[in-house]
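Just below is one structure, and these are the notes that go with it.
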Amino acid sequence: MLTAAVSPRLSTDQLAHFDREGYLVVEEFFTDDDLQPVIDEISAEVNARAKDAIARGELSRTYEEYGFERQLAMITKETDSVARSIWNGALAGPAVFNLIRNPKLLDIAESLCGPELIASSVYRLRPKVPHHPQGPVPWHQDSGYTEPYCDKALMLTVWLPLVDADKENGCMWVLPRVHKQGILRHRGRENKPYLVVAKQDLPAAEPVCVPVKKRGALFLTNLSPHASFENDTDAVRWSMDMRYQSAALPTNAKITRLPGEAVHAPGENIPIACYPPEADFLVRSQQRPSEVVTDPRVFHQIRKTHLSMPITHRWTEPKEPE
């Protein structure tokens with residue numbers, strides 16, 4: 001597993017590792033100044049939602065004194081309504097938006113996806129609460145959730161922990177060197193919100209445990225199989241994952257389309273976006289800089305007003321039992 005300190009662009013060795021293995025860890029990618037506003041924003045939301053749960057009679061107290069890493073774990077012993085309310089992309093405050101637009105992050109995304117860069121609002125906040133039934137995430141590829149047309153190009157996933165992530169609290173695992181085999185068969189899972197690549201459908205590769213310390217980042221291709229398992233500690237493993245793609249791919253971002261970029265054409269199986277249920281936005285551009293979204297209020301409005309569109313149901317296999 002190659003790890004390295006951050007630089008404005010990936011080195012030749014880092015690019016080769018990412019291309020060969022399908023993932024790359026960069027240590028000390030972020031600073032505490034990059035991450036603390038997000039942590040503060042999340043903590044404020046947890047406190048506010050805890051107070052709402054108290055008002056509804058679901059919770060006895062806020063547990064604020066337990067701090068960022070343990071507060072939500074203590075709350076969830078009484079009710080998981082607070083955790084459920086902030087999972088995935090429920091929070092869209094200025095700090096989250098600014099992290100998605102972090103210049104160092106966009107430099108890497110641009111070096112891999114190109115200068116006309118789309119950020120997907122399919123970012124996910126992952127509070128992996130200890131021993132919660134929805135905490136483990138089974139083996140899958142991110143392309144399992146997106147339109148088939150978009151399998152052919154890189155959609156970059158950036159996974160970043162807001163606390164140290166290791167085997168004990170449920171860090172990521174990756175199947176290396178199989179991303180160039182294409183999309184694997186995915187199935188739904190009984191009573192679970194996740195797709196899964198069943199054991200018999202996984203390629204013959206040795207899984208790699210990928211611990212990442214706070215301030216580090218894990219970069220993945222959309223075809224890299226990955227998973228995370230149980231959190232066996234007493235603290236929450238907080239993480240976020242964000243996605244970037246070339247504007248040449250289908251996108252529902254409200255931007256001027258340039259020659260050669262994919263435009264929605266049902267007769268040619270070109271979808272309206274790689275993930276139509278949620279909104280894209282232009283995050284960096286050389287050719288249409290005035291259309292880049294730089295205001296968190298605009299980001300919030302884009303998400304709020306987006307008309308969710310259905311995605312192709314590509315997986316019709318019977319669901320895997322729990």
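Given N residues in segment 146-223, what is its alpha carbon radius of gyration divided by 2.2 N^0.38 Å? Taking N as the residue count of segment 146-223, the ratio is 1.21.
By the gyration tensor of its Cα atoms, with a ≥ b ≥ c the square roots of the eigenvalues, what is the shape of segment 260-311: rounded for a/c under 1.5, prolate for a/b over b/c, or oblate? Taking the square roots of the gyration eigenvalues as a ≥ b ≥ c, segment 260-311 is oblate. Each part gets one Cα centre, and for segment 61-106 versus segment 266-300 those centres are 25 Å apart. Working note: 222 nm ellipticity from helices only, DSSP H runs with n ≥ 4, each -39,500 (n - 2.57), summed and divided by the residues of the chain, gives -7500 deg cm²/dmol to the nearest 500.
The Cα atoms of segment 17-57 give a gyration tensor whose axes a ≥ b ≥ c have a/c of 1.5 or more with a/b no greater than b/c, which makes the shape oblate. If the Kirkwood radius is taken over C-alpha pairs of segment 1-120, then at 10 °C and 1.306 mPa s the Stokes-Einstein diffusion coefficient equals 94 µm²/s. Rounded to the nearest 20 debye, the dipole size of the chain about its Cα centre is 640 debye, using +1 on the Cβ of Lys and Arg and -1 on the Cβ of Asp and Glu. A probe of 1.4 angstrom, applied to the heavy atoms of all protein chains, finds I302 with accessible area near 50 square angstrom. Positive contributions from Lys and Arg (+1) and negative ones from Asp and Glu (-1), summed over other residues with Cβ under 15 Å from the Cβ of V96, come out at 0.
Qualifying trypsin sites (Lys or Arg not before Pro) in segment 113-197, where qualification requires a DSSP coil assignment and no more than 15 other C-beta atoms within 10 Å, comprise K167, R185.
Taking only protein heavy atoms and a 1.4 Å probe, the accessible area of segment 36-111 is 47% carbon and sulfur. Listed options for semi-axes √(5λ) of the Cα gyration tensor in Å are (1) 41, 22, 19; (2) 28, 27, 21; (3) 29, 23, 21. The value calculated from this structure is the one marked (3). Classified by the C-alpha gyration tensor, segment 219-322 has an oblate form. Its axis ratio a/c, with a ≥ b ≥ c, is 1.5 or above, and a/b does not exceed b/c.
Taking the chain as a whole, the Cys residues whose C-beta sits 4.7 Å or farther from every other Cys C-beta are C113, C171, C209. F30 sits among other residues whose Cβ lies under 12 Å from its own Cβ, and their net charge, with Lys and Arg +1 and Asp and Glu -1, is -1.
The values are calculated or read from the model by the stated rules, or taken from the named source; none is laboratory data. Quantities reported herein were computed from a predicted structural model and do not represent experimental measurements. A quick note on method: Cβ atoms are made from the backbone with ideal geometry, for glycine too, and the neighbour counts reach across all protein chains shown. With ligands, DNA and RNA removed, areas are computed over all heavy atoms of the protein, side chains included. Shrake-Rupley method; radii C 1.70, N 1.55, O 1.52, S 1.80 Å.
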